[in-house]
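Colleague: A single structure is presented below for examination.
The values are calculated or read from the model by the stated rules, or taken from the named source; none is laboratory data. As the structure is a computational prediction, the values presented were derived from the model and not from experiment. Note: ideal-geometry Cβ built from the backbone for every residue, glycine included; neighbour counts use all protein chains shown.
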Amino acid sequence: MVTVVDATNLLKDYSSSDFLRDRGETAGEGDDRALVDLLVEQIEFADTIVLNKIGSAETGKLDMARSIIRALNPDAHVIETDFGRVDLGDILGTGRFDFAKAETHPLWFKELNGFADHVPETEKYGVRSFVYRARRPFQPAKLKEFVNRAWPGVIRAKGFFWPATRPDFVGEISQAGALVRTQKRGWWWAAVPKARWPNDPEWHAAMADYLDPVWGDRRQEIVFIGTHPMNEVRIKAELDACLVDAPIFMPDLWKGLPDPFPSWSPPAA
């Protein structure tokens, strides 16, 4: 899969909060994606990225475009050019694309799943990453304050989170550019009766590290990817300050906490 990126406009578009409908570029009725959603989807999934108009881009913008691409997809074959001049042999019949492998391209996926071979390539472009992990739940109101603040230097963030008021559900947080989205991803296995757990021994072996005797598999696990001035120590400290102060699982005491996030329950019939 080949994606063409405009080096002169990538930084502006990536920082935009425009929706596709604002630019008349939706895929049809009901397409509520933001422009940055489309950029991220295309860059993260591609095996070949053509970075076009490099001669027209200011040095700082070109460097940032390279960093954004590598922060999103360190595996992609990147071709830098002007006027779309590309050797057809570099984009046609290359045999590079593999659907299953494409799902592992994003740097956030590599971090969450313990890949270890991406660090030298991303560091060359000034891209750093870390994973925030914690077992205690977040106080929703404090987490919302964190979400609403600026995260200097952060290019991409994605992962799972657990608000104290919603002990059964996995939350997903996704940030790209100016937009941060949160939504329900599914159920924690700890909230599912064990009789309904898979019987597969490999599944149980894979889950062993995630199942805590107190919290089950409930946890905070969020990847942050960025360049200078992203501050890992500050971000971790701010997230630590959002955690409830409790050594044990006490959902009945947390259900009354202020929760400004949209409901994850289906509307009443």
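Colleague: Answer with yes or no whether residue 237 is more than 25 Å from residue 38 (Cβ to Cβ), of a type in the set (A, V, I, L, M, F, W, C), at pLDDT below 95 and not in a strand (DSSP E or B).
Modeller: no
Colleague: Then there is this: Out of all the residues in the range 36-50, which are buried (at least 20 other Cβ atoms within 10 Å of the Cβ), touching a Leu at 6+ places or on another chain (Cβ under 8 Å) and without any contact (Cβ under 8 Å) to a residue 60 or more places away in the chain?
Modeller: 43
Colleague: Another question, then. When you check residue 181 against the structure, is it in contact (Cβ under 8 Å) with a residue 12 or more places away in the chain, surrounded by fewer than 16 Cβ atoms within 10 Å (Cβ to Cβ), within 26 Å of residue 251 (Cβ to Cβ) and of a type in the set (D, E, K, R), yes or no? Working first, answer last.
Modeller: Working: in contact (Cβ under 8 Å) with a residue 12 or more places away in the chain: no; surrounded by fewer than 16 Cβ atoms within 10 Å (Cβ to Cβ): yes; within 26 Å of residue 251 (Cβ to Cβ): yes; of a type in the set (D, E, K, R): yes.
Answer is no for this residue.
Colleague: Could you check the range 204-244 and list, in sequence order, the residues that are without any contact (Cβ under 8 Å) to a residue 24 or more places away in the chain, surrounded by 12 or more Cβ atoms within 10 Å (Cβ to Cβ) and not basic (Lys, Arg)?
Modeller: Selection gives 204, 207, 210, 211.
Colleague: Kindly check whether there is at least one residue in the range 110-120 that is in contact with an Asp or Glu (Cβ under 7 Å, 6 or more places away or on another chain) and modelled with pLDDT under 95.
Modeller: The answer is yes; a qualifying residue exists.
Colleague: Is it true that some residue in the range 76-84 is outside the structural domain of residue 156 (by TED's automatic domain parsing), out of contact with any strand residue (DSSP E or B) (no Cβ under 7 Å at 6 or more places or on another chain), modelled with pLDDT under 95 and surrounded by fewer than 17 Cβ atoms within 10 Å (Cβ to Cβ)?
Modeller: yes
Colleague: What number of residues within the range 129-148 are within 17 Å of the chain's Cα centre (by Cα) and either farther than 24 Å from residue 250 by Cα or assigned to a loop (DSSP other than H, G, I, E, B) (or both)?
Modeller: Residues in the range 129-148 being within 17 Å of the chain's Cα centre (by Cα) and either farther than 24 Å from residue 250 by Cα or assigned to a loop (DSSP other than H, G, I, E, B) (or both): 5 in total.
Colleague: Go through the residues of the range 90-100 one by one and say whether even a single one is modelled with pLDDT of 80 or more, in a helix (DSSP H, G or I), of a type outside the set (Lys, Arg) and surrounded by 18 or more Cβ atoms within 10 Å (Cβ to Cβ).
Modeller: no
Colleague: Among the residues of the range 208-215, is any of a type outside the set (D, E, K, R) and in contact with a His (Cβ under 8 Å, 6 or more places away or on another chain)?
Modeller: no
Colleague: Against the definition (farther than 28 Å from residue 71 by Cα, under 26 Å from the mean Cα position of the chain (by Cα) and of a type in the set (A, V, I, L, M)), how does residue 246 come out, yes or no? Steps first, please.
Modeller: Values: farther than 28 Å from residue 71 by Cα: yes; under 26 Å from the mean Cα position of the chain (by Cα): no; of a type in the set (A, V, I, L, M): yes.
Here the answer is no, as residue 246 does not meet what is asked.
Colleague: Go through the residues of the range 13-24 one by one and say whether even a single one is in contact with a helix residue (DSSP H, G or I) (Cβ under 9 Å, 6 or more places away or on another chain), modelled with pLDDT under 90, assigned to a helix (DSSP H, G or I) and not basic (Lys, Arg).
Modeller: Within the range 13-24, one or more residues are in contact with a helix residue (DSSP H, G or I) (Cβ under 9 Å, 6 or more places away or on another chain), modelled with pLDDT under 90, assigned to a helix (DSSP H, G or I) and not basic (Lys, Arg).
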